[in-house]
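Here the structure is laid out as structure tokens; the discussion comes afterwards.
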Amino acid sequence: MISLLFVCLGNICRSPMAQTVFEKIIENQGVEDQFRVDSAGLINYHEGEKADSRMRSHARARGYEITHLSRPVQKKDFEKFDYIVGMDDQNIRALNHMTSSGEEQAKIIKMTDFLQKFQAVSVPDPYYEGDAGFVKVIDLLEDACEGLFRHLQIKDFGNK
């Protein structure tokens, strides 16, 4: 089983959306039993809260239902997950500071490294943006999650 943890700052916009998109991809592919997917935030300010209402609304418009409740990243996540996926360079730096070994650091990957159609250096935080910011984030996450799934198929399952 492959385990992934998607991480952003507060776990109310980008990472729960990434989790939801990835879960839909693996469900559509019929391989949900081969994955464990979760998301978390670098801060605990929103712990226990639903995803941002604007993100949930835009997600619903695309056919997604975000059910995740915010939680902070924990040290044990580095033991539990095979891949820890940060949304931007700030997330990656913060995650690297939480590690205690090269093995843990090797689990950290950047979401935008798996973009196929779009080009971006980060998945921007839409929290202070308007509707266009949320739409852009979903566009990027759909693209990058599909790329990540394909990468894992080849790397971990040997499929093409």
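The values are calculated or read from the model by the stated rules, or taken from the named source; none is laboratory data. All figures in this text were calculated on a predicted structure; none of them were measured in a lab. So basically every Cβ, Gly included, is an ideal-geometry build from the backbone, and we count neighbours across all protein chains shown.
Listed here are the residues, each with its yes/no results for (1) of a type in the set (Asp, Glu); (2) under 24 Å from residue 94 (Cβ atoms); (3) in contact (Cβ under 8 Å) with a residue 12 or more places away in the chain; (4) in contact with an Asp or Glu (Cβ under 6 Å, 6 or more places away or on another chain).
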{"residue": "2", "(1), (2), (3), (4)": "no, yes, yes, yes"}
{"residue": "8", "(1), (2), (3), (4)": "no, yes, yes, no"}
{"residue": "12", "(1), (2), (3), (4)": "no, yes, yes, yes"}
{"residue": "17", "(1), (2), (3), (4)": "no, yes, yes, no"}
{"residue": "32", "(1), (2), (3), (4)": "yes, no, no, no"}
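Would you point out the residue of region 94-116, among those that are among the small types (Gly, Ala, Ser) and part of a helix (DSSP H, G or I), that is farthest from residue 74 (Cα to Cα)?
Residues of region 94-116 that are among the small types (Gly, Ala, Ser), as a first pass: 94, 100-102, 106.
Add one more test, that the residue is part of a helix (DSSP H, G or I), and what stays is 94, 102.
Values: 94: 12, 102: 17 Å.
Checked region 94-116; the qualifying residue farthest from residue 74 (Cα to Cα) is 102.
Name the residue that is surrounded by the fewest Cβ atoms within 10 Å (Cβ to Cβ), counting only residues in region 1-41 that are part of a loop (DSSP other than H, G, I, E, B) and in contact with a helix residue (DSSP H, G or I) (Cβ under 9 Å, 6 or more places away or on another chain).
The initial filter retains those residues of region 1-41 that are part of a loop (DSSP other than H, G, I, E, B), namely 1, 9-13, 30-31.
Subset that is in contact with a helix residue (DSSP H, G or I) (Cβ under 9 Å, 6 or more places away or on another chain): 1, 9, 12-13, 31.
Values: 1: 8, 9: 20, 12: 27, 13: 30, 31: 16.
It comes out as 1.
Could you list, ordered by first residue, the pairs with Cβ atoms under 6 Å in which the first is in region 136-156 and of a type in the set (Gly, Ala, Ser) and the second is part of a helix (DSSP H, G or I), at least 6 apart or interchain?
Hits for this filter: 144/111; 144/114; 147/114.
Tell me the residue from 91, 44 that is outside any strand (DSSP E or B) and at pLDDT below 95, please. Give the steps one after another, and end with the answer.
Numbers: 91 fails: at pLDDT below 95.
Every option except 44 fails the conditions.
I'm trying to understand the selection: among the residues of region 51-85, which are within 18 Å of residue 36 (Cβ to Cβ) and part of a strand (DSSP E or B)?
69, 83, 84, 85
Residue 99 fails exactly one of the following numbered conditions: (1) touching a helix residue (DSSP H, G or I) at 6+ places or on another chain (Cβ under 7 Å); (2) within 29 Å of residue 30 (Cβ to Cβ); (3) at pLDDT 95 or above. What is the number of that condition?
(2)
Pick from region 58-74 the residues that are among the charged types (D, E, K, R) and under 20 Å from residue 136 (Cβ atoms): which of them is surrounded by the fewest Cβ atoms within 10 Å (Cβ to Cβ)?
Step one: list which residues in region 58-74 are among the charged types (D, E, K, R), which gives 60, 62, 65, 71.
Next cut, under 20 Å from residue 136 (Cβ atoms) only: 60, 62.
On the way: 60: 11, 62: 14.
So the residue we want is 60.
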